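Participant: My questions will all concern the structure given below.
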Amino acid sequence: MKELVEFLALELVDQPDRVHVATRRSGPNLFIDLTAAPGDVGRLIGRQGRTAEAIRTVARVAGARKGLRVTVDIR
């Protein structure tokens with residue numbers, strides 16, 4: 001999951017060296033924290049949050065295939 005979210009984020013931002021993805025797991029729940037440069041956070045969120053929702057949906061579906069509930073937090 002981490003690699004998937006990181007790949008998506010790196011393709012969207014202008015400063016890929018400032019993208020950081022951290023994960024923590026609690027039972028069947030997987031929490032992914034995605035941080036980027038302040039100027040790139042808007043690119044990750046997108047207009048009306050559409051890009052962020054797309055990232056979350058892709059991660060959620062990929063996690064469901066492995067029996068995980070995935071939550072992506074963008075900062």
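Participant: Could you count how many residues in region 2-34 are of a type in the set (S, T, N, Q) and more than 17 Å from residue 70 (Cβ to Cβ)?
Facilitator: Here the count works out to 1.
Participant: Could you give every pair whose Cβ atoms fall below 6 Å, whose first residue belongs to region 28-51 and is over 18 Å from residue 7 (Cβ atoms), and whose second residue is surrounded by fewer than 17 Cβ atoms within 10 Å (Cβ to Cβ) and among the β-branched types (Val, Ile, Thr), counting only separations of at least 6 or pairs across chains?
Facilitator: As it stands, the answer is 31/71, since those pairs meet every condition given.
Participant: Any residue in region 46-58 that is out of contact with any Pro (no Cβ under 7 Å at 6 or more places or on another chain), of a type outside the set (A, V, I, L, M), assigned to a strand (DSSP E or B) and surrounded by 13 or more Cβ atoms within 10 Å (Cβ to Cβ)? Show your work before the answer.
Facilitator: Step one: of region 46-58, the residues out of contact with any Pro (no Cβ under 7 Å at 6 or more places or on another chain) are 46-58.
After this cut, where a residue has to be of a type outside the set (A, V, I, L, M) as well, the list is 46-51, 53, 56-57.
Okay, now just the ones that are also assigned to a strand (DSSP E or B), so none.
Taking every residue of region 46-58 in turn, none turns out to be out of contact with any Pro (no Cβ under 7 Å at 6 or more places or on another chain), of a type outside the set (A, V, I, L, M), assigned to a strand (DSSP E or B) and surrounded by 13 or more Cβ atoms within 10 Å (Cβ to Cβ).
Participant: If you check every pair at least six apart or on different chains, which have Cβ atoms under 7 Å apart with a residue in region 54-75 that is under 21 Å from residue 40 (Cβ atoms) first and a residue that is surrounded by 14 or more Cβ atoms within 10 Å (Cβ to Cβ) and among the hydroxyl-bearing types (Ser, Thr, Tyr) second?
Facilitator: Close Cβ pairs satisfying both conditions: 75/35.
Participant: How many residues are more than 13 Å from the chain's Cα centre (by Cα) and in a loop (DSSP other than H, G, I, E, B) when one looks only at region 12-45?
Facilitator: Count: 5.
The numbers here are math on the coordinates, done by the rules we state, and not lab data. All values reported here derive from a predicted model rather than from experimental measurement. When we count neighbours, we look across all protein chains shown, and the Cβ atoms used for this are built from the backbone with ideal geometry, even at glycine.
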